[in-house]
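In what follows, a single structure is set out as structure tokens and then discussed.
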């Protein structure tokens with residue numbers, strides 16, 4: 001029997017089966033209410049549902065840019081985790097966000113991320129936020145993520 005955390009295919013299958021729960025373990029993702037919609041090796045997709053509580057400018061009715069940044073950062077981390085042969089948590093080292101245009105008022109935002117390169121200690125990822133398709137991107141992200149070394153079960157977190 002394979003261990004779902006050490007076997008990449010099993011881990012991705014487990015993540016797919018539990019997509020609704022994947023954001024529940026990350027406080028920011030849970031607070032924003034974004035939903036993971038698809039997971040593949042090195043890729044992740046999500047939707048950020050519109051909510052009045054996420055609006056940055058009430059007159060414009062547009063989701064705040066910080067929400068988009070958080071969505072892309074979390075999605076990048078998920079894509080990086082699915083790209084690795086063994087399970088490791090990742091931590092954001094550097095994240096660049098380029099805003100191309102404002103989101104449209106009162107609309108959900110779609111996002112996708114891909115991990116395009118791994119070293120022993122760093123994962124590199126890019127991501128996009130948009131409404132229907134990437135043809136009209138709201139924002140892009142590119143980042144580097146530290147690959148944390150696994151700790152033996154029961155070891156203290158220092």
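Here are some notes:
- Any hit, segment 43-61, residues being in contact (Cβ under 8 Å) with a residue 40 or more places away in the chain and within 19 Å of residue 147 (Cα to Cα): yes
- Residue match in segment 88-99 (condition: loosely packed, with under 15 Cβ neighbours inside 10 Å, modelled with pLDDT of 95 or more and either touching a helix residue (DSSP H, G or I) at 6+ places or on another chain (Cβ under 7 Å) or in a loop (DSSP other than H, G, I, E, B) (or both)): yes
- The residues in segment 117-149 that are exposed (fewer than 15 other Cβ atoms within 10 Å of the Cβ) and either under 19 Å from residue 85 (Cβ atoms) or touching a residue at least 60 places away in the same chain (Cβ under 8 Å) (or both) can be counted, and the count is 6.
- Verdict on residue 94 being under 14 Å from residue 142 (Cβ atoms) and in contact (Cβ under 8 Å) with a residue 12 or more places away in the chain: yes
- When each of 115, 80, 125 is tested for being touching a strand residue (DSSP E or B) at 6+ places or on another chain (Cβ under 9 Å), under 21 Å from residue 12 (Cα atoms) and in a helix (DSSP H, G or I), the lone residue that passes is 80.
- Test set (1) under 15 Å from the mean Cα position of the chain (by Cα); (2) part of a helix (DSSP H, G or I); (3) free of Cβ contacts under 8 Å to residues at least 12 places away in the same chain - residue 25 fails condition number: (2)
- Boolean, residue 64 is surrounded by 13 or more Cβ atoms within 10 Å (Cβ to Cβ) and either without any contact (Cβ under 8 Å) to a residue 60 or more places away in the chain or in contact with a helix residue (DSSP H, G or I) (Cβ under 6 Å, 6 or more places away or on another chain) (or both): yes
The values are calculated or read from the model by the stated rules, or taken from the named source; none is laboratory data. From a predicted model like this one, the values you see are computed outputs, not experimental measurements. Cβ sites come from the backbone with ideal geometry, for glycine too, and all protein chains shown count toward neighbours.
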